[in-house]
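The values are calculated or read from the model by the stated rules, or taken from the named source; none is laboratory data. None of these values were measured; they are calculated from a predicted model. Here the Cβ positions follow ideal geometry from the backbone for every residue, glycine too, while neighbour counts run over all protein chains shown.
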Amino acid sequence: MQLLFERSKPGRRLSLIAECDVPAVDFGDATRAQAPRLPQISEVDLGRHYTELAKQTHGVNDGFYPLGSCTMKYNPRINEELSQLPGFTGIHPLQPAESAQGCLEVIARTGEMLAEITGMDEMTLQPAAGAHGEFTGLQLIRAYHLDRGDAKRTKIIVPDSAHGTNPASAVMVGFDVVAVPSNAQGGVDLEALKAAVGEDTAGLMLTNPNTLGLFDPNILEITRIIHEAGGLCYYDGANLNAVMGHARPGDMGFDCVHVNLHKTFSTPHGGGGPGSGPVGCKDFLAKFLPGPLVKKGEEGYEFFTPEASMGRVRSFYGNFLVVVRALAYILTLGKEGIPEASANAVLNANYLLHRLCDEFSIPYGDSCMHEFVIDVEPLKHETGASAMDVAKRMLDFGVHPPTMYFPLIVHEALMVEPTETESPETLDAFVEILRSIYDEAQTDGELLHQAPFTRFIGRPDEVTAARKPLLRYQFDGE
Ligand SMILES: *Cc1c(COP(=O)(O)O)cnc(C)c1O
């Protein structure tokens, strides 16, 4: 595919712009010496170029997208439309509170509902993503210990199945990370946890269900061990899609939590667009939350900043339009719909697990929550086809591959999360695709090493692409 600069022909341009009727101004020395090297292209060619680019991507409207941990479900269009209402898009963040009461109500009510869903007392909607929420929650834990004059608590305990952002956030906040191993069932090893806690334990970070898609049956014991050692418990709520309306982190013994609105609550995810990672906490931590928060006063909704606030973690009030979508989603689903959505997510994942477990090895669990992990190691051993080969071949069938090589404790991992929005027909079609790839591995291993065959780019060097991206067009002779 040609780049815009390669399609450029001198003198081509968009033809419909009227002649400029504003007198030219001479900026003297401030004028650039050379005209910018912009591509010169006609409108129709420009349109085709971007349409061609759009066709190279895969979104949830193109096909199945079982990218584990990311919850790539279909988000109702109506919530997009609601978030685009002029009353929401036309406000200014510095507007006086009394002139933006509706928007403040959106913030306050969303916070209340998320607090109810997670079992927390207070909520900030400021953090812009999950990892940012982790950073904020860990600052709460740090502030709590320092406020009590307990400066020796420098360690955060993280299970070895954790998402990479957990240890990264702990390090950013200045903690040391202590990894605890998983037990044979894929949960936290209680003996290892008991051995890891001590007077230096600031807290624990945990997602439950974890990245293997397993709900830890020892969760009350885990949070008790941490509390007894004087630490606090942080819940990574990225997997809330599996339990919302059924189980609450607050009831599991967690003190603070983040929620990924762009996974569970109706904001499209994966295009790099804005997300939101609200953080909730129990009452005793609320005084450290970032401000401003919104509360209902005598004169209506107003801003306030908690007494020992850690300060802002983001400008203004967070990604407000993401919050609007979340409120619309929660209100439309309601108390019956929220648990039904997570029940269907769990049902779909178990349906897939059971239809795939004859061909493929699923090392942890006979059942799962909203996602499960296939181990391609036995297939690789037998036929040479790796998780990468299987994933690349799926692209030829119009399916976005599952998350690969994560969690790290399964070496040839494919982490499948179908979500509640997929039909049985889509799930059955996915099973047939995986089975036919399994058969291909037995009969024609080389084919799988070469896949995909239908994509513009097949197997890029991902490390170089991430580390040394070419972000500018390279003109001849440069
Ligand atoms: C996605 C995810 C995160 C991080 O969330 P971002 O919004 O991507 O920063 C943390 N933990 C788990 C388990 C996740 O799936």
Subject >> So Y438, is it on the phi > 0 side of the Ramachandran plot and surrounded by 13 or more Cβ atoms within 10 Å (Cβ to Cβ) >> reply: no
Subject >> Whichever residue in region 41-75 is among the charged types (D, E, K, R) and assigned to a loop (DSSP other than H, G, I, E, B) and, among such residues, is farthest from the ligand (Cβ to nearest atom) >> reply: D62
Original post:
Inside region 213-237, can you point out the residues that are touching a Ser or Thr at 6+ places or on another chain (Cβ under 6 Å) and among the hydrophobic types (A, V, I, L, M, F, W, C)?
Top reply: A229, C233
Original post:
In region 103-149, which residues are in a loop (DSSP other than H, G, I, E, B) and either more than 16 Å from the ligand (Cβ to nearest atom) or surrounded by 24 or more Cβ atoms within 10 Å (Cβ to Cβ) (or both)?
Top reply: G119, M120, D121, L125, Q126, P127, R148, G149
**OP:** State which residue pairs qualify: first residue more than 16 Å from Y65 (Cα to Cα) and surrounded by fewer than 18 Cβ atoms within 10 Å (Cβ to Cβ) and inside region 373-391, second residue at pLDDT 95 or above and among the acidic types (D, E) in any location, beta carbons under 6 Å apart, and separation of 6 or more residues or different chains.
**Re:** E377/E412
Subject >> Close pairs (6 angstrom Cβ cut-off, 6 or more residues apart or separate chains): touching a residue at least 12 places away in the same chain (Cβ under 8 Å) in region 438-463, assigned to a helix (DSSP H, G or I) and among the small types (G, A, S) anywhere >> reply: L448/A441
**OP:** Could you pull out every one of the helices (runs of 4 or more DSSP H) wholly within region 166-262 that has 3 or more residues that are of a type in the set (F, W, Y) and crowded, with 23+ Cβ neighbours inside 10 Å?
**Re:** none
Subject >> Boolean, F88 is in contact (Cβ under 8 Å) with a residue 60 or more places away in the chain, surrounded by 21 or more Cβ atoms within 10 Å (Cβ to Cβ) and either within 16 Å of the ligand (Cβ to nearest atom) or more than 21 Å from the chain's Cα centre (by Cα) (or both) >> reply: no
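Okay, residues lined up against (1) among the polar types (S, T, N, Q); (2) surrounded by 13 or more Cβ atoms within 10 Å (Cβ to Cβ); (3) at negative phi:
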residue	(1), (2), (3)
T421	yes, yes, yes
A429	no, yes, yes
E446	no, no, yes
E462	no, no, yes
A465	no, no, yes
L471	no, no, yes
G477	no, no, no
Original post:
Which of the residues belonging to region 267-291 are away from the ligand (no atom under 12 Å from the Cβ), modelled with pLDDT of 95 or more and either in a loop (DSSP other than H, G, I, E, B) or in contact with a Leu (Cβ under 7 Å, 6 or more places away or on another chain) (or both)?
Top reply: G280, C281, K282, L285, F288, L289, P290
